[in-house]
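To keep things clear, I will list the structure first and then write my remarks on it.
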Amino acid sequence: MTKTASTTELLVEPGFETFGLSEKVLAGVVAAGYKTPTPIQNAAIPVVLAGKDLIAQARTGTGKTAAFGLPAMSRLKFSGTPEILVITPTRELAMQVSDELFRLGRLANVKSVAVYGGQSSGRQVELISRGAQIVVATPGRLLDLLNSKRMGAFTPSTVIIDEADEMLDMGFLEDIQAIFKFLPGERQTLLFSATMPPPIRKLAQDILEHPETINLVQQEATNTDVEQSFYVIDEAERLDAVVRIIDAEEPAKSILFCRTKRETDELCEVLIGRGCQARALHGDIEQGMRQDIIRAFKLGKLEMLVATDVAARGLDVTGVTHVFNYHMPFDQQGYVHRIGRTGRAGQKGKAITLVNPFEFRTLKRLQTAIKASFIHREVPSAADIHRKEDVKLIRKVCLQEVSDEAVDLLSNLEEQLDLTQIACKLLTIMVGKRKVRGPDTIGVRGPRLKSILGGGNVGGSGRPGRFGHARQQEFRRKGGRGQGR
């Protein structure tokens, strides 16, 4: 059969009531507090309601779950067997999607079950057999159940692949291809992906029929709600630099991306030692603990997650104000995924990247590839942080209410010191508790910085001549892809 593709126009609708969703599903939308559709919802909902196959490029956090879930639930026939299958790359995303679909569909009596490893498969199969209309599954566990025929008659009429490029990165592409051998030929298939590398294009060609295409990634990759900045530092300054920048930025909720598990643990330990509410997230964290950490981060009980790329996949948390790239990601796709964690739903966010002189060239290529505007900044000096702390201290003192105990203590002190001495001594005690890490100035500055930014010889610790090509290769092997991730 010849397969063709068309591109759907983006629709601009005033609200969800204009789409033609079922009455009960629309009631669920209202109950959930949804008011204005996001761009991906405006574009995708009419396509899905029409029963067409769809390729949609949109990043995490843009409202994709509702974009495919609302119209798919509106088309349910309540046949007594699962009619909607959603395949996600991670356990966390499977749980999040299942919970969101249940919340949106509960007034329509829609039941969803999350199917993933690490939990009882028997229990999951039992929940499905009780009449669940939606199954949200990770590829490995779903394929195991299909191969063992424990799913019984499993003929979903709508199949959604969510975060397809993430599944490719995690090595699930063969599992996905195997899963589709078990699925009915007559079905609606929807594929959502932030990027479309060749293997994903090939998968789409194999499993979709005459798909509509929506592409919002170019607009989102240059999202004006995310301010992208970078700091040029020498390699030995990396830890001091990120701590100094955190002191200056005071992020409300942030994710710091590291390359290795060891680096993640070390950075997290330093942040905790400075009083930050931080936790590490990497592949050695047990599943139960991982879920507790993510839940605490979502609820605002944690300020920071220090994570590897693999551990953060599928993580969908709102309100992230800052993303820190402690090291440059391995590729353009990794960068786009990282910064996609902030600046969501109209909120402002910041993406901050640390680069040594040698990495700056990679950053420039990345900037060109994603057509973004990067702002260069210098790491604040210790004096800058002190001045910032002074302003906070003055504000705190001015707003502080006076207690009776303080009045009594002041009377006792006035018997030994005058008021000016008392004030100066107390302030000295408070100022002495400040903890500014590192030397006064951090980062590459002066003529050397000007040469780097201008494209000249990087010099210093980033100069290829000093590091040597062979040593660069060894460095990448020890700290690069596959090491401690």
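The values are calculated or read from the model by the stated rules, or taken from the named source; none is laboratory data. It should be emphasised that the depicted structure is a prediction, and the values quoted were computed from it without experimental measurement. Because the Cβ atoms are built from the backbone with ideal geometry, glycine has one as well, and the counts that use them run over all protein chains shown.
If you go through region 268-275 one residue at a time, do you hit one that is of a type in the set (Asp, Glu) and either at pLDDT below 90 or closer than 17 Å to VAL436 by Cβ (or both)?
no
Would you tally the residues in region 190-199 being in contact with a strand residue (DSSP E or B) (Cβ under 8 Å, 6 or more places away or on another chain) and either free of Cβ contacts under 8 Å to residues at least 12 places away in the same chain or surrounded by fewer than 21 Cβ atoms within 10 Å (Cβ to Cβ) (or both)?
Total meeting the criteria: 2.
State yes or no: is LEU146 of a type in the set (A, V, I, L, M, F, W, C), in contact (Cβ under 8 Å) with a residue 24 or more places away in the chain and under 30 Å from GLU23 (Cβ atoms)?
No; evaluated as a whole, the condition is false for this residue.
Restricting to region 13-36, name every residue that is modelled with pLDDT under 90 and in contact with a helix residue (DSSP H, G or I) (Cβ under 7 Å, 6 or more places away or on another chain).
Result: GLU13, ALA32, TYR34.
Identify all residues within region 318-356 that are under 21 Å from ASP225 (Cβ atoms) and either surrounded by fewer than 20 Cβ atoms within 10 Å (Cβ to Cβ) or outside the structural domain of ILE272 (by TED's automatic domain parsing) (or both); write none if there are none.
Those that are under 21 Å from ASP225 (Cβ atoms) and either surrounded by fewer than 20 Cβ atoms within 10 Å (Cβ to Cβ) or outside the structural domain of ILE272 (by TED's automatic domain parsing) (or both): THR318, GLY319, THR321, PRO329, GLN332, GLN333, GLY334, ALA345, GLY346, GLN347, LYS348.
Any idea how many residues of region 17-72 are closer than 13 Å to GLY105 by Cα, more than 24 Å from the chain's Cα centre (by Cα) and buried (at least 19 other Cβ atoms within 10 Å of the Cβ)?
Final tally of qualifying residues: 7.
Looking at region 393-438, which of the residues that are in a helix (DSSP H, G or I) and of a type in the set (Ser, Thr, Tyr) is nearest to LEU271 (Cα to Cα)?
THR428
Where in region 202-307 are there strands (runs of 3 or more DSSP E), lying wholly inside it, with at least 1 residues that are in contact with a helix residue (DSSP H, G or I) (Cβ under 6 Å, 6 or more places away or on another chain) and assigned by TED's automatic domain parsing to the domain that holds THR321?
Once the strands (runs of 3 or more DSSP E) in region 202-307 are filtered for at least 1 residues that are in contact with a helix residue (DSSP H, G or I) (Cβ under 6 Å, 6 or more places away or on another chain) and assigned by TED's automatic domain parsing to the domain that holds THR321, what remains is 226-232, 254-258, 278-281.
Working carefully through the options SER112, SER121, find the one that is in contact with an Asp or Glu (Cβ under 9 Å, 6 or more places away or on another chain), surrounded by 15 or more Cβ atoms within 10 Å (Cβ to Cβ) and modelled with pLDDT of 95 or more.
After applying the criteria, what remains is SER112.
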